[in-house]
Amino acid sequence: MSRRNEVVLRELLEHAAAEPEDELDRLLGDAFAAGLDLDAIEAGGTEPIAPLLLAIDGAAGRDEVLALLPVLHRSGLFAFFGWDVTVDHDDSERNLLWLSQAPLGLPDRETYFDEGRAAADLRAAYVEHVAAQLGHAGTSAADAPRLAAAVLAFETRLAALHLRAEERRDPDRTHNRHDRAELAALAPALDLPGYLDALGAGAAESVNVENPALLAGLHDVVAATEPSTLRAYLTFTVVRAVADALPAHIDAEDFAFYGRRIRGQQEQHERAKRVIDAIGADLGEALAQRYVARTFPAEAKERAARMVEAIIEEMRASIRTRPWMGEDTRPRAEAKLDAMRVKIGHPDRWRDWSGLEIGRGSYAANRLNAARFELDRRLAKLARPVDRDEWELPAHIVNAYYHPTLNEIVVPAGILQPPMFDAGADDAVNFGGIGTVIAHEITHGFDDQGRRFDADGHLRDWWTPEDAARFTELAERLVEQFEAYVVLDGVHVNGRLTLGENIADLGGLTLAQRAHARIAAGAPAVDGVTPAQRFFLANATLWRVNINPALQRTLAGIDPHSPRRLRVLGPVSNLESFRVAFGLGDDAPIMRPREQRIEIW
Ligand SMILES: [Zn+2]
């Protein structure tokens, strides 16, 4: 599906580059042309990041290094920690600045501490990679290996302060509002109020700190680290962020580690595809605006909207009838369902790009300008009420999401195509496809994370203690089911990291199946396959994948979704409707024993 979208995107970008018809075309066309101009990228060398590297080199002591953070963070170069602006969990009409963990150079926290051979090898390869990129950024060959090893040691101390991936899913744990005085007291040596002022968030009276222990502990980690190591860490952070826009030897080194080693990718993608992906990240809505004008028919939106309605009715029936939910919680859950907004296709109003500088001269400068422009847009949101018409994914993307603080599901045009969705196909195909995705997103409003937010998107407990306990017990059983699965080589699924998605996969399949059975009752078999069977086949088709072991291993540590085959086998093993559809015995190997089956929705 993504490849099919890519063909469309490529055509419209080529057209925009060759014959721009308006300013939006000019923007997209220049971004595309600059990304493809390898000669200019080669000739430019590290010039586009030279001012940043110079500033880093000039930071003599630890305080000077820390003083650079607002400058780097304003350009999306997140080091030590990062920030974002999101909906306030206490007041969903307002936006709030979050100070969060910044990504580390290795994919997940555990890789820094894992004593196994594979992780040790990866760390050794990482040190070589950091040394190579430091060399490309001007560090002498004599210093680079030592500094790279010190960067790993520094990141390991940072990682020790990081929350685990599954801990970051806990809304209570990450909800830590600090006013300016509390922020100053949390990490006196960091002068965080000063940081906010320098960032351009001087008007923020309070912020949320995702992980207070990180900020509180940061000073000691910094104090125990040589300034030269801190400078090397920042230099590497800058190079890593824009490696794809720098000369071939830097880009190739980045691919050798992050592409081949971490993701197991054998060959680099074609340049045009990489540039299309980058434009999707930097100018996503501009690209989407052109995409939907080309590809999104009104019928698709109408049919998808009818499916959403049918599935919401199944969720309502489920809320009213599941035996584990008590009478006090039911009406509140229904109120949340009633308040849930649905967005299908694309935004009604498109983003304004005026002020963003994109030209054909420097691809790296374009990318940094786009990052700054986006972060300026986010900072500006602090002064305004929450915009409920905003989209968090560009409409051409093959994905969908539930937003817990806005209490909305969003189904972009990019996912409304075969095999997920086919306006010319029957209900079994569409309910087994996009129907299960829509239902999955709806249930996210009620998973272990989503259920913590009320109908207005506020982090507030609206469950009776008994119902919360019964829900948690069901969820724990799902944790157990998935932890028993092996991803590869003795690596098990992380049942807590994937819990929300596993609840949504099970609930999504359950609700879409019921909606389909109700709507398609009496539909004929096709080629001897019944509608119920075709529903499950359509669903399994979505998750076919060919994935290499390295990527599988990486994903097991960071992806909140289970491996794809388990997104099929895990849920169906609990579903009586699946057993009946295929006429299986109770003891069929694909089914869990009846007493172990889990039904949440
Ligand atoms: Zn999900």
- prompt: Among bridges DSSP assigns within the chain, what percent are antiparallel (round to 5)?
  reply: 70 percent
task: Could you list the trypsin sites (Lys or Arg not before Pro) in segment 288-345 that lie in coil according to DSSP, counting only those with at most 15 other Cβ atoms within 10 Å of their Cβ?
output: none
- line: Note to self: Kirkwood Rh of segment 340-410, Cα pairs, one decimal, Å, is 14.2 Å
- request: Please compute the net charge surrounding GLU19, taking Lys and Arg as +1 and Asp and Glu as -1 over other residues with Cβ under 12 Å from its Cβ.
  value: -3
query: Over segment 1-77, what is the mean sequence separation of C-alpha contacts under 8 Å (at least six apart), divided by residue count, expressed as relative contact order in percent?
result: 16 percent
task: Sort 204-210, 223-229 for me by packing, meaning the mean count of neighbouring Cβ atoms within 10 Å per residue, highest on top.
output: 204-210, 223-229
- request: Over the alpha-carbon set of segment 63-215, divide Rg by the Kirkwood Rh and report the Rg/Rh ratio to two decimals.
  value: 1.01
task: Would you calculate, for the chain, the mean residue ellipticity at 222 nm contributed by helices, counting each DSSP H stretch of 4 or more residues as -39,500 (n - 2.57) and dividing by all residues, to the nearest 500?
output: -16000 deg cm²/dmol
- prompt: Using modelled amide H (1.01 Å from N, peptide plane; none on Pro or chain starts), what sits under 5 Å from the amide H of ASP88, excluding residues fewer than 5 places away?
  reply: ARG94, ASN95, LEU96
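Taking the Cβ of ASP191 as the centre, find all other residues whose Cβ is under 15 Å away and add up their charges (Lys, Arg: +1; Asp, Glu: -1).
Numbers: positive: ARG62, ARG180; negative: ASP63, GLU64, GLU182, ASP197.
Neighbourhood net charge equals -2.
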message: Quick check: at a probe of 1.4 Å, how many percent of the accessible area of segment 279-433 sits on carbon and sulfur atoms?
response: 50 percent
query: Which of ILE409, ILE503, PHE421 sits farthest toward the positive end of the charge dipole of segment 372-518, with +1 on the Cβ of Lys and Arg and -1 on the Cβ of Asp and Glu?
result: ILE409
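Taking the Cβ of GLN101 as the centre, find all other residues whose Cβ is under 15 Å away and add up their charges (Lys, Arg: +1; Asp, Glu: -1).
Details: positive: ARG109, ARG157, ARG164, ARG168, ARG169, ARG173; negative: ASP84, ASP108, GLU110, GLU155, GLU166, GLU167, ASP170, GLU210.
Taking every other residue near GLN101 into account, the sum is -2.
For a distance above 18 Å, tell me the whole-number percent of Cα pairs in segment 464-562 that qualify.
Looking at segment 464-562, the distances longer than 18 Å represent 61 percent of pairs.
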query: Can you pull the semi-axes for the chain, root of five times each eigenvalue of the Cα gyration tensor, sorted largest first, whole Å?
result: 41, 28, 25
message: Just the number: Rg to Rh for segment 159-260, Cα atoms, Kirkwood Rh, two decimals.
response: 1.06
field: Between helix 298-321 and the chain: long-axis angle, C-alpha atoms, 0 to 90°, nearest 10
entry: 70 degrees
task: Using a 1.4 Å probe over the heavy atoms of the protein chains, calculate the carbon and sulfur portion of the accessible area of segment 48-188 as a whole percent.
output: 53 percent
message: Please compute the per residue accessible area over the chain with all protein chains in place, 1.4 Å probe, rounded to a whole number of Å².
response: 42 Å²
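The values are calculated or read from the model by the stated rules, or taken from the named source; none is laboratory data. It should be emphasised that the depicted structure is a prediction, and the values quoted were computed from it without experimental measurement. Glycine gets a Cβ as well: all are built from the backbone with ideal geometry, and neighbour counts include every protein chain shown. SASA here: full protein model, heavy atoms, side chains in, ligands and nucleic acids out. Shrake-Rupley method; radii C 1.70, N 1.55, O 1.52, S 1.80 Å.
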